[in-house]
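Here the structure is laid out as structure tokens; the discussion comes afterwards.
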Amino acid sequence: MIQTHQGYFAEDGRFISNGLFVQLPVRKRAIINIIDEEVVEESSADREDMFRKLFAEIGKAESELTDEEWAELENARSRTNLGRTVEL
């Protein structure tokens with residue numbers, strides 16, 4: 001099995017991906033590519049702002065749907081993977 005992670009190593013050697021510490025498996029063969037590019041860390045305020053904007057856009061789009069479009073979207077869930085839950 002191969003796992004792929006994108007992130008960076010902190011000064012203390014921990015591996016950080018998407019702002020979270022990733023526990024890498026021990027005593028496993030690893031191939032590491034180091035890219036000569038500085039990491040720009042997002043603050044939690046930046047992420048919160050991004051989600052606020054996203055949800056505002058979703059709310060705006062939802063208010064523009066007609067009843068027929070809502071019915072079509074609900075029916076599409078049974079034919080697609082739109083009913084699956086995604087945790088962020």
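Observations on the structure shown:
- The residues on offer are 56, 30, and the sole one that is modelled with pLDDT of 80 or more, part of a loop (DSSP other than H, G, I, E, B) and among the hydrophobic types (A, V, I, L, M, F, W, C) is 30.
- Of all residues making up the stretch 33-53, the number that are modelled with pLDDT of 80 or more, not in a helix (DSSP H, G or I) and not β-branched (Val, Ile, Thr): 4
The values are calculated or read from the model by the stated rules, or taken from the named source; none is laboratory data. Please read all numbers here as calculations on a predicted model, not as lab measurements.
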